[in-house]
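Everything below concerns the one structure shown next.
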């Protein structure tokens, strides 16, 4: 029994390694619905899978963790609506696109001009008041080893 399971896993690994990867790595049609705003960077992206609405263009300014929360709470004036906030680590990881062939690791059609840099999540490191989780869109990794007083990018969600 164990030998047959190992053979199946080996065959699956060979299939995964030899499968061709798409050069055009945009999300499947209909995954994101982009709404163009009334000014530069004022659009939103609706994720039909998670049902979240994202700020299309991340701010060009970096923020501490507390500043990022304040910034997102106030973007309703330019993006419309209420309830804008810093995404949780799980939500932020949901827009990482590992099918990209290079940085940034995000759908370039839905989220153009995303820097290949660190983005804050609202998720604190468990048991710590000085560290929070972030996602690095350079490689799609996440970590929580940085101090909340460091300045990173933010992409708001509601």
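The values are calculated or read from the model by the stated rules, or taken from the named source; none is laboratory data. Since the model is a prediction, treat every value here as computed from it, not as a measurement. All Cβ positions, even for glycine, are placed from backbone atoms using ideal geometry, and neighbour counts span all protein chains on display.
Just one of (1) over 16 Å from residue 158 (Cβ atoms); (2) modelled with pLDDT of 90 or more; (3) outside any loop (DSSP other than H, G, I, E, B) trips up residue 90, so point out which.
Only one criterion in (1) over 16 Å from residue 158 (Cβ atoms); (2) modelled with pLDDT of 90 or more; (3) outside any loop (DSSP other than H, G, I, E, B) is unmet by residue 90, namely (1).
Conditions tested, residue by residue: (1) in contact with a strand residue (DSSP E or B) (Cβ under 7 Å, 6 or more places away or on another chain); (2) surrounded by 14 or more Cβ atoms within 10 Å (Cβ to Cβ); (3) assigned to a helix (DSSP H, G or I).
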residue: 30; (1), (2), (3): no, no, no
residue: 34; (1), (2), (3): yes, yes, no
residue: 50; (1), (2), (3): no, yes, no
residue: 58; (1), (2), (3): yes, yes, no
residue: 68; (1), (2), (3): yes, yes, yes
residue: 77; (1), (2), (3): no, no, yes
residue: 82; (1), (2), (3): no, no, no
residue: 103; (1), (2), (3): no, yes, no
residue: 110; (1), (2), (3): yes, yes, no
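Here's a check for you: in the stretch 57-82, which residue that is modelled with pLDDT under 95 and within 19 Å of the chain's Cα centre (by Cα) is farthest from residue 112 (Cα to Cα)?
Looking at the filtered set, the residue picked out is 75.
Can you tell me how many residues in the stretch 112-153 are part of a loop (DSSP other than H, G, I, E, B), closer than 17 Å to residue 62 by Cβ and touching a residue at least 24 places away in the same chain (Cβ under 8 Å)?
10
Look at the stretch 70-79 and say how many of its residues are touching a residue at least 24 places away in the same chain (Cβ under 8 Å) and farther than 12 Å from residue 157 by Cβ.
Of the residues in the stretch 70-79, 2 are touching a residue at least 24 places away in the same chain (Cβ under 8 Å) and farther than 12 Å from residue 157 by Cβ.
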